[in-house]
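Contents: one structure, followed by commentary.
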Amino acid sequence: MKITKICCIGAGYVGGPTMAVIAQKCPDIQVTVVDLNEARIAAWNDADVANIPIYEPGLDAIVAEARGRNLFFSTEVEKAIDEAQIIFISVNTPTKTYGKGKGMAADLKYIELCARQIARVAKDNKIVVEKSTLPVRTAEAIKSILDHTGNGVQFQILSNPEFLAEGTAVQDLLHPDRILIGGDSSEEGQKAIQALVGVYSNWVAADKILTTNVWSSELSKLTANAFLAQRISSINAMSELCEKTGADVNEVAKAIGMDSRIGPKFLKASVGFGGSCFQKDILNLVYIAKSYGLNEVADYWEQVIIMNDHQKRRFSNTIVQTLYNTVADKKITFLGWAFKKDTNDTRESAAIYVADALVNEQAQIAVYDPKVSEKKVLADLDYLETRTSAQNKACVASFEDPYLACKGAHAIAILTEWDEFKEYDWKKIYDSMQKPAFVFDGRNVLNAAEMKAIGFVYHAIGS
Ligand code: NAD
Ligand code: UDX
């Protein structure tokens, strides 16, 4: 089947960049990205590409090239579904906040709404692609909804999880380690797989396109995220032991990473992992394992989350203890709020939890992040519902200038590894702070010897 029209439901961190790259690489395919969120679509359509809603290095140029040519952003969901041969579902699948599985299971209400809408609108055969990260066997539920519409349309459901990481989304999409496509073993299923393989083949080598059954594909995505997060929790566990024993976690990570069986990536000790995926997907995995009665499997993976929560708490506790057991009314400056560098995304950022713990101790938090607004910082804290918005506002303020943010502070905490932090005039910052001047480097980005030479009391993770 020659694919000429694709639609993607969900114009978020995955749908937006993924479809922009497909449109750039497949000029013969019309790609329409739809979303219910009118403000988000308006931002994607903003005449000035600097205002697109997602910050990703290189994304603005790709959008500028393809938008209006074969890439469109729209709120007309039904029209886009009707016209497309392939429909990607890329809506959010957050952790449930209510009912059965609250705090653990993935909330599939947005997925089900999409399936019902596709079922209602489709007048000809469609390939429906799960791009969102979903619990294993979700395709079964989608199929059941689609097959009971009674209008005789045939649907093929594929699983095509996305492995991009934020901050490097464009490079990850242009040069993926692999593309995974799971589908049915029937003839129609295999044809649908080949149709999607055909789209990716425009820029991805054949040996990097892996096809599997649907369940393997769905479960591989949860497994990949669990393994990645596990490495961070493992090195973070070692960071605490390093601090007690005089070992240096950076040296340990380098030493073990040179073992080709272990490899050097994802061994950076930190204040704890954040982001919209790791915690949500592991909790979901734990929930699925428990639902099959696999309690040991569930406990094993849950430990990755327990360790991560511990690491975030440990960081705020260290700050309080080091500042003579009280941070009440002390100005503590956060450099960074995003969950990692090169993104404006703050979902599950360690900064939110560290700030919440310090505000509980009545600290005054000043925040500087090159890509995150004060509105977002306050909204993240309000979302925790620890205190009222007015109380959060009284304790937390954002600054546009990092030097102003640090002026008069008792301590600086580095929460995100933005490159610019390494370039600051740290002597100037030191001179403007209360003494002793403390730096808690939650990302191990600064040079310890240089910071100490300036006069800082410098605390890193794991040394
Ligand atoms: P997001 O919240 O940024 O975007 C989802 C979008 O879907 C929102 O704009 C929302 O308005 C829209 N939406 C929800 N229901 C809709 C409906 N019925 N009709 C139209 N639009 C609807 O989420 P995201 O970060 O892009 O994640 C999407 C999925 O991709 C999730 O399942 C996530 O686990 C997975 N994923 C995310 C990443 C990542 O780095 N963010 C990476 C890989 C996979
Ligand atoms: C992750 C997966 O990497 C990606 O494949 C998947 O598609 C979505 O989830 P993302 O959350 O965007 O991507 O970023 P990632 O680079 O994985 O970082 C997640 C968190 O772990 C960040 O807070 C990061 O700072 C932290 N991290 C990462 C560490 O603390 N140490 C490391 O060594 C690596």
Cut-off 19 Å (backbone N to label point 7 Å along Cα→Cβ of Ser201), residues of segment 11-49: 22-30
Relative to the longest principal axis of the C-alpha atoms of the chain, give the angle of the C-alpha long axis of helix 214-245, reported between 0 and 90° and rounded to the nearest 10°. 10 degrees
Descending packing, highest mean Cβ count within 10 Å first, for 43-53, 332-342, 310-320 is 332-342, 310-320, 43-53
Using the alpha-carbon centroid of each, what span in Å lies between segment 267-321 and segment 99-136? 26 Å
Proxy reagent accessibility, fewest Cβ within 10 Å first, across Ser233, Ser144, Ser159, Ser291: Ser144, Ser291, Ser233, Ser159
To test your reading of the geometry: what angle, between 0 and 90 degrees and rounded to tens, separates the Cα axis of helix 187-200 from the longest principal axis of the chain? 50 degrees
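Please identify every one of the chymotrypsin sites (Phe, Trp or Tyr not before Pro) in segment 413-463 that sits in a loop by DSSP and has no more than 16 other beta carbons within 10 Å of its own beta carbon.
Values: sites: Trp418, Phe421, Tyr424, Trp426, Tyr430, Phe438, Phe440, Phe456, Tyr458; in loops: Trp418, Tyr424, Phe456.
Here the sparse-neighbourhood loop sites are Tyr424.
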Would you mind checking the tilt of helix 374-384 against the longest principal axis of the Cα atoms of the chain, expressed as 0 to 90 degrees and rounded to 10? 80 degrees
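By the gyration tensor of its Cα atoms, with a ≥ b ≥ c the square roots of the eigenvalues, what is the shape of segment 1-144: rounded for a/c under 1.5, prolate for a/b over b/c, or oblate? Before the final figure, lay out the partial values.
Details: a/c = 2.05, a/b = 1.33, b/c = 1.54.
Oblate is the answer for segment 1-144, as a/c is 1.5 or above yet b/c matches or exceeds a/b.
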Given the -39500 (n - 2.57) contribution per DSSP H run of 4+ residues, what per-residue ellipticity at 222 nm results for the chain, rounded to the nearest 500 deg cm²/dmol? -13500 deg cm²/dmol
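Given R₀ = 25 Å, what would the calculated FRET efficiency be for Lys191 paired with Lys79, taking r from the Cβ atoms and rounding to 0.05? Before the final figure, lay out the partial values.
Details: r = 26 Å, r/R0 = 1.03.
Calculated transfer efficiency: 0.45.
Mind scanning Lys96/Lys376; Lys280/Lys375; Lys244/Lys341; Lys25/Lys375; Lys290/Lys340; Lys280/Lys340 and naming the pairs with a C-alpha gap bigger than 26 Å?
On the way: Lys96/Lys376 22 Å; Lys280/Lys375 24 Å; Lys244/Lys341 29 Å; Lys25/Lys375 36 Å; Lys290/Lys340 31 Å; Lys280/Lys340 17 Å.
With Cα atoms farther than 26 Å apart: Lys244/Lys341; Lys25/Lys375; Lys290/Lys340.
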Write down the percent of antiparallel bridges among all DSSP beta bridges whose residues are both part of segment 5-204, to the nearest 5. 10 percent
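Just check the chain against the gyration tensor rule for me: Cα atoms, a ≥ b ≥ c as the square roots of the eigenvalues, rounded for a/c under 1.5, and otherwise prolate or oblate depending on whether a/b exceeds b/c.
On the way: a/c = 2.00, a/b = 1.75, b/c = 1.14.
Since a/c reaches 1.5 and a/b is larger than b/c, the shape of the chain is classed as prolate.
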Return the distance in nm (one decimal) between the two label points of a simple spin-label model at Asp48 and Asp329, each offset 7 Å from Cα along Cα→Cβ. 4.3 nm
Full extension from Asp28 to Asp419: what is 0.36 nm times the residue separation minus their Cα-Cα distance, to one decimal in nm? 136.9 nm
Output ordering of 31-40, 400-409 (per-residue mean of other Cβ within 10 Å, highest first) is 31-40, 400-409
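How would you order 275-288, 292-305, 382-395, 54-67 from highest to lowest mean count of nearby Cβ atoms within 10 Å? Intermediate values should be presented prior to the final figure.
Numbers: 275-288: 23.1, 292-305: 14.6, 382-395: 12.7, 54-67: 18.6.
Output ranking for 275-288, 292-305, 382-395, 54-67: 275-288, 54-67, 292-305, 382-395.
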DSSP beta bridges in the chain, what fraction antiparallel, as a percent rounded to 5? 5 percent
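Throughout, read-outs are computed from the coordinates displayed, never taken from laboratory work. Computed from a predicted structure; not experimentally measured. Ideal geometry is used to build each Cβ from the backbone, glycine not excepted, and the neighbour counts take in all protein chains shown.
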